[in-house]
1. Which of (1) within 26 Å of His168 (Cα to Cα); (2) open to solvent by 60 Å² or more (accessible area, probe 1.4 Å); (3) not hydrophobic (A, V, I, L, M, F, W, C) is the odd one out, the single condition Lys64 does not satisfy?
2. Which pairs do you get when a residue that is within 22 Å of Ala117 (Cα to Cα), found in the stretch 63-79, comes within reach of a residue that is of a type in the set (Asp, Glu), reach meaning Cβ atoms under 6 angstrom, with the pair 6+ apart or on two chains?
3. Please pick out the residue among Ile26, Ile52 that is surrounded by 14 or more Cβ atoms within 10 Å (Cβ to Cβ) and closer than 15 Å to Met1 by Cα.
4. So, in the stretch 161-179, of the ones that are exposed (fewer than 13 other Cβ atoms within 10 Å of the Cβ) and part of a helix (DSSP H, G or I), which residue ends up farthest from the chain's Cα centre (by Cα)?
5. Could you check how many residues of the stretch 1-23 are closer than 16 Å to Leu96 by Cβ, surrounded by 15 or more Cβ atoms within 10 Å (Cβ to Cβ) and not small (Gly, Ala, Ser)?
Amino acid sequence: MERAVLSAATKVFLEYGFSAATTDMIQRQAGVSKATMYACFPNKEALFASVIEHQCASMTATFKAMHVSPGNIAKTLTDLGMSCLSIVLSPTALALNRVVSAEAPRFPELGRRFYLAGPKVVTSMLVERLNEAAQIGEINVQSIGVEAAATLFLSMVRAQAQTECLTHPDTRPSAAQKDYWVQIAVTTFLAAFGVAPAVSEGPRIR
């Protein structure tokens, strides 16, 4: 029953926003009584918080499940960048982003929940990958630190793409366009922090 209520709440919140959505609308969408709904979630704020956490967990699951092979940082960053775009440019993620951004001034705790459950989780996972790359000498991020480097890379990947899709709801970037955005970020990142492999001099001729 809780799943039905959560599913209905997700549909209503993403369509109408937090302020315009009502518990009556969610109750009717879920097809349950008010008593049942309130037994699952005490109020609208708690329901929206659960929607945020559930959707963020669902969207970041793909990122968490990725298997990367150490030794090819360019491929690792490309795969992670494409995964990031598949998350942030999905219709659900864009709709949730719009709703949370609109309500954050009035309900800052909900905005904080979204940040911690979504963007912060993705950044933390990228930090782990960059730490691994730094330890084996693929990159050197000592100048700014690994967390700042992770934040910088993700910002380069999603900045133009996310802004364009948030402000132009009918935009549907092609796979080639997504790849272009990611490759720019990867190339720029490695130009700043990549470490060139050592070149063997070979035997000396006497």
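The values are calculated or read from the model by the stated rules, or taken from the named source; none is laboratory data. It should be emphasised that the depicted structure is a prediction, and the values quoted were computed from it without experimental measurement. Because the Cβ atoms are built from the backbone with ideal geometry, glycine has one as well, and the counts that use them run over all protein chains shown. Each accessible area value is taken on the protein alone, full model and side chains, heavy atoms only, with ligands, DNA and RNA left out. Shrake-Rupley method; radii C 1.70, N 1.55, O 1.52, S 1.80 Å.
1. (1)
2. none
3. The conditions single out Ile26.
4. In this case the residue turns out to be Ala176.
5. 7
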